[in-house]
There are 4 protein chains.
Amino acid sequence: MKTKSRFLRAPVEPFTVEPDASASDLLERMERISFQGRNLATARRIWEKMLASDCTIFFGMAGALSAGGLRMIVAYLIANRYIDCLVSTGANLYHDLHETRGRRHYLGSPHEDDAALQAEHIDRVYDTYAREDEFCDNDEWIAAFALTLERRPYTSREFLYRLGEYLWKETGQDGILTAAYRANLPIFCPAIADSSIGMGLSQARHRDSGAGLIDVIGDIVESANLVIRHPRTASVVLGGGTPKNFINQASVQAEFFDDRIGGHRYALQIVTDVPHFGGASGSSLEEARSWGKLATDAEQVTVHADATLAMPILVTALAASARETLAGRKPLRFDLAGATMGVNGRPFPQARFEAR
Amino acid sequence: MKTKSRFLRAPVEPFTVEPDASASDLLERMERISFQGRNLATARRIWEKMLASDCTIFFGMAGALSAGGLRMIVAYLIANRYIDCLVSTGANLYHDLHETRGRRHYLGSPHEDDAALQAEHIDRVYDTYAREDEFCDNDEWIAAFALTLERRPYTSREFLYRLGEYLWKETGQDGILTAAYRANLPIFCPAIADSSIGMGLSQARHRDSGAGLIDVIGDIVESANLVIRHPRTASVVLGGGTPKNFINQASVQAEFFDDRIGGHRYALQIVTDVPHFGGASGSSLEEARSWGKLATDAEQVTVHADATLAMPILVTALAASARETLAGRKPLRFDLAGATMGVNGRPFPQARFEAR
Amino acid sequence: MKTKSRFLRAPVEPFTVEPDASASDLLERMERISFQGRNLATARRIWEKMLASDCTIFFGMAGALSAGGLRMIVAYLIANRYIDCLVSTGANLYHDLHETRGRRHYLGSPHEDDAALQAEHIDRVYDTYAREDEFCDNDEWIAAFALTLERRPYTSREFLYRLGEYLWKETGQDGILTAAYRANLPIFCPAIADSSIGMGLSQARHRDSGAGLIDVIGDIVESANLVIRHPRTASVVLGGGTPKNFINQASVQAEFFDDRIGGHRYALQIVTDVPHFGGASGSSLEEARSWGKLATDAEQVTVHADATLAMPILVTALAASARETLAGRKPLRFDLAGATMGVNGRPFPQARFEAR
Amino acid sequence: MKTKSRFLRAPVEPFTVEPDASASDLLERMERISFQGRNLATARRIWEKMLASDCTIFFGMAGALSAGGLRMIVAYLIANRYIDCLVSTGANLYHDLHETRGRRHYLGSPHEDDAALQAEHIDRVYDTYAREDEFCDNDEWIAAFALTLERRPYTSREFLYRLGEYLWKETGQDGILTAAYRANLPIFCPAIADSSIGMGLSQARHRDSGAGLIDVIGDIVESANLVIRHPRTASVVLGGGTPKNFINQASVQAEFFDDRIGGHRYALQIVTDVPHFGGASGSSLEEARSWGKLATDAEQVTVHADATLAMPILVTALAASARETLAGRKPLRFDLAGATMGVNGRPFPQARFEAR
């Protein structure tokens, strides 16, 4: 008779086809298969735990996810407080603004003749197109908005709050920026200068030398204070990039001033990069432990998949299974209207880390 | 006013979260997003077209898909004739046999100490474990079965038919091999020598020098005759490897004897390899056109994803939307009991291509 | 007799082993093989053409290349003016500073126990380690430096020039920052807030609310003016990320003000990301044409490889074969000491694009 | 003062550019950098150790390496006995035969119009072309050769030995098959049915029903006997696929009959696949330990790179540094002329494993 092994506890259960299964059913059964299918199913469970525990959930997005059709998923996560703080590349916010303003991206082909596209001023993002003229118009719209602001430094967080407000008042349309404005949820964009939002700001500067001053160092202070104030954090990252690092940096910077910070309690990332080339986007969550970015006992999972494939099923399933948990959740209430943000009625210190 | 562009016909429609959505609903809405999400949705539509048109659907599988929990999906595709001919690596058939015989694979971790696993005779496939002793027992079971066969060459196709029959009679359990036996659907395994089934056969040889002779060249003849007899073909490939090439080779070899063969009419592949390293597994379906493996006007799509993530949702959605199409389908009827197979009551020529 | 095909001009020449071959010899023969080996060889030739034609060569670096041992290659490219303008992630400049200050990174293992590393305050980057305490010391050193600056906004370009100067005066050691200072070559870091340099700046802010103000929007203006002033540009990109996009953005932003700008004349990128997930890091140079980031007739090549493998051989070979070309090159002379930079004795306009 | 850490022994030494450096110099300095550059340098050292220790070195090749220009590197490794046994896909041997017969592959583009290529009967392998007519001619040549053989089963090993002999006598040209014939070095091709060599054999079958019988199960017996006879083995694998698995299988099968077999003592692989999708091609060498394919204390390295980039530099450097070691090496002498091979004058048992 076989001896039992501690390694052989739960068998793989082959996935069976049930034609009318919901997304939630699918993921439930995928918990018992292998490889990235299992990891996606695990991601749902870890996100549920984030929601059930008293965590501030940071959400990072890099890659052309807004242009690629995921912006209303992110808006849903914001509006329903599946997440508490968004860190994004500029492009995702810009493409969101583009659609909120009524413009569209278009289904295209990765094999089209790029010279022909260029001749028609059509910009290609793999299999997706957009009109360059509309982009130029957005840039000018952003410049015009920026000229309505005071001539002082704005953190990207404060700037984006004002941008969402302006956009909501002008369009009344749903999207990432407008959902965040309405839900009073902060957005950080540490690499705003590397995006068309930055280009719009530079055009404001061109018209008025005092305009378009973004204080990205101030964003570091605010993001770390957010961790210091509520040290239990979790991280959901799509695609790596600057958002992934900025979220981890907030934790590391906070720890510098407050040694009770112990890294994220939960972490999930959906990435297509791999660890073995050394880049931060593909870096493993194990490696993050060495830095203290992640608690040593944190539950975590990496899903190696394209977010356009993983997110529709993951968020649909989560929305079905986390209803009750979400109803019982008491998320942080943010005060975003001022130059320095606050949480639950208490403002952060100005231009300072909230050291113990 | 904007001029219309032929490039800008259909806009991206941002995916909206509906918690109770079925897999079929999800994929329907993913047709209007971008990147691999769109490609997976397109894969469902192309598979529907394969089923609706009078095509012989070849299905190739490489990668540890049986161990990884997908074997009952493949059994479902076979039993319901979503596919007509399976080409597989030996490992996938072997791991299927392992479970049909009542053994299991186990949920494990990619970070386990492999020396500790080795000490307990546990074999690891990324995050999945199996008992080596049970594998050894399978090998002997296969050897014993092989010794029951005649002392003559068997194509892998004939051998696997007999193996499925034997397995069904012994176990009465569902699985890939038993489903194919019961549905009378051919399985080819061109690289059978590179698998534990081959190892079992080599142990039969060890006991009897006349046993275990597999005529893999005969498989080339039969697979090409299958294409010559019914030149309208389609290809569904998971993971590349020898199955991908063998399916294309059947088409190319058939064309050598019959110039009416024009390559697959439809093709879909779910792969994680990429084209730019030159390997066949990652090669594009565009490249396949240059060889005539694919008809110049074939509809095709490549989904860059792990099959364990893509297949549960794809096949669930297909099972929901293709019910009627499937009911109207009149698949080929195979005669698999003899040394040379036949189709719809007409045997193939022995040891010869059915040249015009 | 065979007809000639326009497609079959140059045969593959199998690579032959010559034990004493130099890097330059190797790459010369690799021009006649296939796949990424050929692409690396082509990269050398395209870089030679950049040097031979009157181009401003932008060089972008993302990924842990300084920690990974490539910083003296970059310093060499700067000192010898193989490149004209560096765009970098903050981490690469920070890890360069770390070593220039006499600290080290260490050879490690990707399989080490991260909890054990964390317990010793050792940070892991895949297979490379560093002491966290030394990182904290760097942060304070940067903060102290930042407090020596005027209380006004600095572009990342001006800030990094001053940082290089300070570092050179304190250490007299070679490195990226010090080489750029000594060669008077501009460095842009659009995502400086997403790095430990940014963390150091935030600590300066903590001590003095007027310190650490980086004007990243000003960087957009300066980088575009650099293109407007000398519209012939070329792009060498390692690893994608913000540097890749920022270099392209400079061209696109410049074109907004001057329609003579036609995109980069030459482009080479060494990346590990792939196009089909839609992210900018992996985006193809074909796609860049649709945006006008690349001239329609630009010579370009993408090398799909890890930079730590590709760069040592590429730069060694280039250094051997481009000696004469380099000697005849007349690179731009930059004026970097002021708040607004200049080229060849002519300053850029302040806070404005140099519109025609 | 800092305490010493056992983790921080050897610092990264930044790579410095020396324009005239040889490949061997390059790799020597790359041992002290990070990521895949370091791994390639480590690969050279591990291969040197294989040569210095009394190991049978298995060499596996998958991917379009012959078409892609690496066939004379492999011929060099064979002729100079850097390796002892080749396991290959059929395609690599076929493309080698194609060139040894005086035909060529051609430098092409991955962006060419595949319909145009198809119209000219040109087959594309990513960026490399070949004439389909010449391929058809090869197939017939192989068929004609196969018809000269006896009407009995041949292992792929015996068949390929005879094929190499025939090719050498007809052409007198160097290549993989001819070098192996001349050096008396065995080649196994377990998936021969999945290649154009198999297609040629099937055409011999078409002409004579007794021809073209390849005993791939016999290959399993011979390859395991090779390990049983000389249990110290090493493995060098390019690209994964059936060769990678077959080499490991030989070790596992041997251990079944002889428990002194302990897995490969050294292993290096150059692959582009990754472990996390569960496929064998990308599987880690750590995982191989759990199976006993690799000795628990084996020295091993995985280089994540395209072989066309890695192999020219690796083999050039090895050829320079391993001269003396190679001169002192006493490789196995094979007897390949019979139906059953032998080693150092002692034939293997017929159709049996050499059980203790």
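The values are calculated or read from the model by the stated rules, or taken from the named source; none is laboratory data. All figures in this text were calculated on a predicted structure; none of them were measured in a lab. Every residue, glycine as well, gets a Cβ built from its backbone with ideal geometry; the counts of neighbours run over all protein chains shown.
Quick notes
- Selection over segment D:67-109 of residues that are closer than 25 Å to D:THR242 by Cα and either of a type in the set (D, E, K, R) or free of Cβ contacts under 8 Å to residues at least 12 places away in the same chain (or both) gives a count of 5.
- Set side by side, the residues A:ILE57, A:ILE122, A:ILE46 differ, and just one is facing chain B (nearest Cβ under 10 Å), of a type in the set (Val, Ile, Thr) and either surrounded by fewer than 24 Cβ atoms within 10 Å (Cβ to Cβ) or touching a helix residue (DSSP H, G or I) at 6+ places or on another chain (Cβ under 9 Å) (or both), which is A:ILE122.
- Of the residues making up segment C:244-255, those that are more than 7 Å from chain A (Cβ to nearest Cβ) and touching a helix residue (DSSP H, G or I) at 6+ places or on another chain (Cβ under 9 Å) are C:ILE247, C:ASN248, C:ALA250, C:SER251, C:VAL252, C:ALA254, C:GLU255.
- Residue tally, condition over 21 Å from the mean Cα position of the chain (by Cα), part of a loop (DSSP other than H, G, I, E, B) and among the charged types (D, E, K, R), over segment B:331-356: 3
- Residues in segment B:258-294 that are under 18 Å from B:PHE59 (Cβ atoms) and not in a loop (DSSP other than H, G, I, E, B): B:HIS264, B:ARG265, B:TYR266, B:ALA267, B:LEU268, B:GLN269, B:ILE270, B:VAL271, B:LEU285, B:ALA288, B:LEU294.
- Odd one out for B:GLU112, checked against (1) assigned to a helix (DSSP H, G or I); (2) of a type outside the set (S, T, N, Q); (3) free of Cβ contacts under 8 Å to residues at least 24 places away in the same chain: (1)
- Filtered residue count, segment B:258-281, keeping only those that are on the phi < 0 side of the Ramachandran plot and more than 8 Å from every other protein chain (Cβ to nearest Cβ): 13
Yes/no matrix, rows are residues, columns are (1) at pLDDT 95 or above; (2) aromatic (Phe, Trp, Tyr); (3) buried (at least 24 other Cβ atoms within 10 Å of the Cβ); (4) touching a Leu at 6+ places or on another chain (Cβ under 8 Å):
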{"site": "D:LEU226", "(1), (2), (3), (4)": "yes, no, yes, no"}
{"site": "D:THR233", "(1), (2), (3), (4)": "yes, no, yes, no"}
{"site": "D:VAL237", "(1), (2), (3), (4)": "yes, no, yes, yes"}
{"site": "D:THR242", "(1), (2), (3), (4)": "yes, no, yes, no"}
{"site": "D:GLU255", "(1), (2), (3), (4)": "no, no, no, no"}
{"site": "D:ARG260", "(1), (2), (3), (4)": "no, no, no, no"}
{"site": "D:HIS264", "(1), (2), (3), (4)": "yes, no, yes, yes"}
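- Qualifying residue in segment A:1-22 (condition: buried (at least 24 other Cβ atoms within 10 Å of the Cβ) and more than 7 Å from every other protein chain (Cβ to nearest Cβ)): no
- Just one residue in the set D:ASP96, D:ASP137, D:ASP123 is closer than 26 Å to B:GLY198 by Cβ, at pLDDT 95 or above and acidic (Asp, Glu); that residue is D:ASP96.
- Residues of segment D:199-241 classified as touching a strand residue (DSSP E or B) at 6+ places or on another chain (Cβ under 7 Å), under 29 Å from D:GLY282 (Cα atoms) and not basic (Lys, Arg), total: 17
- Residue match in segment A:92-115 (condition: closer than 30 Å to C:SER209 by Cβ and in contact with a helix residue (DSSP H, G or I) (Cβ under 8 Å, 6 or more places away or on another chain)): yes
- Applying the set (1) facing chain B (nearest Cβ under 8 Å); (2) touching a Phe, Trp or Tyr at 6+ places or on another chain (Cβ under 8 Å) to A:ALA320 leaves exactly one unmet item: (2).
- As a summary of the residue check, A:GLY218 satisfies the conditions (1) within 17 Å of A:CYS85 (Cα to Cα); (2) modelled with pLDDT under 95 except for the one numbered (2).
- Scanning segment B:111-129 for residues that are of a type outside the set (A, V, I, L, M) and within 26 Å of the chain's Cα centre (by Cα) gives B:ASP123, B:ARG124, B:TYR126, B:ASP127, B:THR128, B:TYR129.
- Residue match in segment A:9-24 (condition: within 25 Å of the chain's Cα centre (by Cα), modelled with pLDDT of 95 or more and at negative phi): yes
- Condition met for A:THR178 (more than 10 Å from every other protein chain (Cβ to nearest Cβ) and either within 19 Å of C:SER223 (Cβ to Cβ) or surrounded by fewer than 18 Cβ atoms within 10 Å (Cβ to Cβ) (or both)): no
- Hits in segment B:198-243 - residues which are at the interface with chain D (Cβ under 10 Å from one of its Cβ atoms) and under 23 Å from B:THR302 (Cα atoms): B:GLY239, B:GLY240, B:GLY241, B:THR242, B:PRO243
- One residue from C:GLU299, C:GLU286 being facing another protein chain (nearest Cβ under 7 Å) and either in contact with a strand residue (DSSP E or B) (Cβ under 8 Å, 6 or more places away or on another chain) or more than 26 Å from C:VAL125 (Cα to Cα) (or both): C:GLU286
- Answer residue from segment B:296-343, given it is free of Cβ contacts under 8 Å to residues at least 60 places away in the same chain and crowded, with 22+ Cβ neighbours inside 10 Å and is farthest from B:ALA62 (Cα to Cα) among those: B:LEU309
- Residue in segment C:98-107 that is crowded, with 24+ Cβ neighbours inside 10 Å and under 17 Å from the mean Cα position of the chain (by Cα) present: no
- Unique residue being away from chain B (no Cβ under 14 Å) and of a type in the set (Ser, Thr, Tyr) when the list is A:THR325, A:THR340, A:THR308: A:THR340
- Members of segment A:310-330 that are of a type outside the set (Gly, Ala, Ser) and either out of contact with any helix residue (DSSP H, G or I) (no Cβ under 9 Å at 6 or more places or on another chain) or in a helix (DSSP H, G or I) (or both): A:MET311, A:PRO312, A:ILE313, A:LEU314, A:VAL315, A:THR316, A:LEU318, A:ARG323, A:GLU324, A:THR325, A:LEU326, A:LYS330
- Of the helices (runs of 4 or more DSSP H) lying entirely inside segment D:130-209, those containing at least 3 residues that are over 17 Å from the mean Cα position of the chain (by Cα) are D:132-146, D:156-171, D:196-207.
- When D:ALA64 is tested against (1) surrounded by fewer than 24 Cβ atoms within 10 Å (Cβ to Cβ); (2) in contact (Cβ under 8 Å) with a residue 60 or more places away in the chain, only condition (1) is not met.
- Hey, C:ILE33 of a type in the set (Val, Ile, Thr), farther than 27 Å from C:TYR126 by Cα, in a helix (DSSP H, G or I) and more than 11 Å from the chain's Cα centre (by Cα) or not: no
- Verdict on D:ASN245 being closer than 16 Å to D:LEU86 by Cβ and in a helix (DSSP H, G or I): yes
- Which listed residue is over 21 Å from D:GLY198 (Cβ atoms) and at pLDDT 95 or above, from D:TYR106, D:TYR154: D:TYR106
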